[in-house]
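Enquirer: Attaching a single structure in structure tokens format; questions to follow.
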Amino acid sequence: MSQVDQPEEQLNESLNEQAEAVAAAEEQVVESVDSEEVDVAALQAELEQAKAELNDVKEASLRTQAEMQNVRRRAEQDVEKAHKFGLEKMAKELLDVADNLDRALQASESDKDNEAIKPLYDGVAMTRDGLNQMMAKFKLEAVDPMGETFNPELHQAMSMIDQPDVAANTVIAVMQKGYTLSGRLLRPAMVVVAKGGKPQVDTEA
């Protein structure tokens, strides 16, 4: 038996004892009446006291059970948070590896069909794909908002540029991808945002 369950067990034992006391008091009243040894006031007071004590124990038991449920709920939440975000420190370090692989792919993109470059490019691409699969497994997801509306909760604007043919506040370049871990922002995406330009049109209206 765990220490958490001991107070509840003790209260249940006390509750049973008080219930037995009430039953004994009631039985004593019946026996006294049958034997004509009637001290009604004293017996009634004893019975009421036993009932009051029983009610106190019941209330204490209910409070303890509620407290135990709260303790268990908080413990479950703590375990869930630890499981969900325990990899945060390692994940932040891993982002540097992902960034370097992305830079290597971008740098060799134009020469990937070159026979001398192709094996290197394919090797880096396979490594990046493997890293993507591992990151997805642990719910480490990229924030790559190219063409999306700027979102200050997920994006960090590095600069704003006039772009007349693009809706205002549209992300027109991603300087560095952002990442979330289990839905919580780990690193914002560093972006360039269109300034001015044509107004956005609400297509859902």
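No value in this document is a laboratory result; all are computed from the given coordinates. Quick caveat, the model's predicted, so the values are computed rather than measured. Cβ atoms come from the backbone with ideal geometry, glycine included; neighbour counts cover every protein chain shown.
Enquirer: Which value in nm describes the separation of the simple spin-label points at Asp56 and Asp122, placed 7 Å from the Cα toward the beta carbon?
Expert: Here the modelled spin labels are 8.4 nm apart.
Enquirer: What list do you get for Leu120, Leu47 if you sort them by fewest beta carbons within 10 Å?
Expert: The most exposed by this proxy come first: Leu120, Leu47.
Enquirer: Out of every Cα pair in the stretch 87-138, what percent are spaced more than 18 Å from each other?
Expert: 36
Enquirer: For the stretch 59-205, what D do you get in µm² per second when you plug the Kirkwood radius from alpha-carbon pairs into Stokes-Einstein at 10 °C and 1.306 mPa s?
Expert: Rounded, D is 85 µm²/s.
Enquirer: Ok, one more. Counting other beta carbons within 10 Å of each residue's own, what order do Phe150, Phe85 fall into, fewest first?
Expert: Ordered from fewest to most neighbouring Cβ atoms within 10 Å, Phe150, Phe85 come out as Phe85, Phe150.
Enquirer: Tell me, Thr170, Thr64 in order of fewest to most beta-carbon neighbours within 10 Å?
Expert: Fewest to most other Cβ atoms nearby, the residues stand as Thr64, Thr170.
Enquirer: Using alpha carbon centroids, what distance separates the stretch 144-159 and the stretch 67-86, in Å?
Expert: Going from one Cα centre to the other spans 34 Å.
Enquirer: Further, regarding this structure: Report Rg/Rh for the stretch 126-190, rounded to two decimals, where Rg is the Cα radius of gyration and Rh the Kirkwood radius.
Expert: Ratio value, two decimals: 1.06.
Enquirer: Kindly flag which residue pairs out of Lys89/Lys137; Lys92/Lys112; Lys89/Lys118; Lys112/Lys195 have an alpha-carbon separation exceeding 25 Å in this structure.
Expert: Check vs 25 Å cut-off fails for Lys92/Lys112; Lys89/Lys118; Lys112/Lys195.
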